[in-house]
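Working notes for the structure below.
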Amino acid sequence: MGSGEAGLVEKSTLPRIGVLAIQGDYAAHAEALAEAGAEPVEVRKPEELAGLDGLILPGGESTTMLKFLEKQGFFKLLEEFCSHKPVFGTCAGAILLAREVRHPAQRSLGALDAVVERNAYGRQIDSTILTEPTQLEGGPLEMVFIRAPRIVEAGPHVQVLAQRDGAPVLVKQGTLMAATFHPELSADRRVHKLFVETVKCALS
Ligand code: GLN
């Protein structure tokens, strides 16, 4: 078998992970997914969810994404997708995934058993990069916070993988993951790798 063929075989076995590509930093997520061993698929229409093994809801502006999702009848399908497939929400995506959103309240998918407060660390100027301890193997993790939400409550089945000032910033609940920071903006791929592993486990 030539090396070209081997490449093709390998590609077809990669998990196909969608990235909601309405707004925000979806391109960086797609790149991170490819580096973490998945085939990224940009998702702009509800029908594009079909055949995906998992999905990332990226950072951006949750209100903007929500408006779009509600207009296209996308919201209902996403709710369904979250109930049986792995989904990872980062920053605005974590807000969309939460059970309850505050400051101000807004509609959410209600998949992750957590209460999230928007823009809880101040204004844009207060966005920051921290390196904090994490439960992930390999030591402290760089975390880029941009107008980040704060997880103010997390249910008993939510595993906390990293914290900032005592509040969870990286969590996992079964096949759902959420980060209040932007792992796609750091070179470290451990967070995306964990999600890709979660997707692979759900497939097997
Ligand atoms: N502040 C944004 C919101 O409330 C989230 C910011 C981000 O995703 N970087 O939706």
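Coordinate-derived values only; no laboratory data. Computed from a predicted model, the values in this text were never measured in an experiment. Glycine gets a Cβ as well: all are built from the backbone with ideal geometry, and neighbour counts include every protein chain shown.
Would you kindly state how much longer the chain becomes between Val160 and Glu80 on full extension, computed as 0.36 nm times their sequence separation minus their alpha carbon distance, in nm to one decimal?
Values: separation 80, 0.36 × 80 = 28.80 nm, distance 2.45 nm.
This chain segment gains 26.4 nm when fully extended.
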Linear extension gain, Leu130 paired with Glu100, 0.36 nm per residue minus alpha-carbon span: 8.2 nm
Of all DSSP beta bridges in the chain, antiparallel share, percent nearest 5: 50
Calculated [θ] (222 nm, deg cm²/dmol) that DSSP helices of n ≥ 4 give over the chain, each run adding -39,500 (n - 2.57): -9000 deg cm²/dmol
D_trans [Stokes-Einstein, Kirkwood Rh over alpha-carbon pairs] for region 34-133, 10 °C, 1.306 mPa s, µm² s⁻¹: 108
Formal net charge of residues neighbouring Leu176 (Cβ-Cβ distance under 10 Å; K, R +1; D, E -1): +1
Counting DSSP beta bridges with both ends in region 43-158, the antiparallel % (nearest 5): 55
Ascending count of other beta-carbon atoms within 10 Å, so fewest first, for Ser108, Ser62: Ser108, Ser62
Cα→Cβ-extended label distance, 7 Å offset, between Phe68 and Gln23, nm: 0.7
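For the ranges 154-160, 30-36, what's the packing order if you count other beta-carbon atoms within 10 Å of each residue, average per peptide, and put the highest first?
Details: 154-160: 13.9, 30-36: 20.1.
Highest mean packing first, the order is 30-36, 154-160.
Only loop residues by DSSP count here, and only those with at most 15 other Cβ atoms within 10 Å; note down the trypsin sites (Lys or Arg not before Pro) in region 73-150 that meet that.
Values: sites: Lys76, Arg99, Arg102, Arg107, Arg118, Arg123, Arg147, Arg150; in loops: Arg107, Arg118, Arg123, Arg147.
Answer by residue number: Arg107, Arg123.
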Estimated FRET transfer efficiency when R0 is 22 angstrom, pair Glu197-Arg44 (beta carbons, to 0.05): 0.25
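If you build the convex hull over the alpha carbons only and average its shadow over all orientations, what do you get for region 44-91? Give it in nm² to one decimal.
On the way: hull surface 12.7 nm².
Average of the hull's projected areas for region 44-91 equals 3.2 nm².
Would you kindly state how much longer the chain becomes between Glu31 and Glu137 on full extension, computed as 0.36 nm times their sequence separation minus their alpha carbon distance, in nm to one decimal? Numbers along the way, then the final one.
Values: separation 106, 0.36 × 106 = 38.16 nm, distance 2.19 nm.
That works out to 36.0 nm of additional length.
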Total formal charge among the other residues, if their Cβ is under 15 angstrom from that of Pro104, Lys/Arg +1 and Asp/Glu -1: +3
Convex hull volume per residue for the chain, taking Cα atoms only, in Å³: 121
Cut-off 15 Å between beta-carbons: net charge of the residues surrounding Gly166, Lys and Arg +1, Asp and Glu -1: -2
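Taking a 25 Å limit on the Cα-Cα distance, which of the listed pairs Lys67/Lys200; Lys172/Lys200; Lys71/Lys193; Lys76/Lys172 fall beyond it?
Numbers: Lys67/Lys200 31 Å; Lys172/Lys200 15 Å; Lys71/Lys193 33 Å; Lys76/Lys172 22 Å.
Pairs exceeding the cut-off: Lys67/Lys200; Lys71/Lys193.
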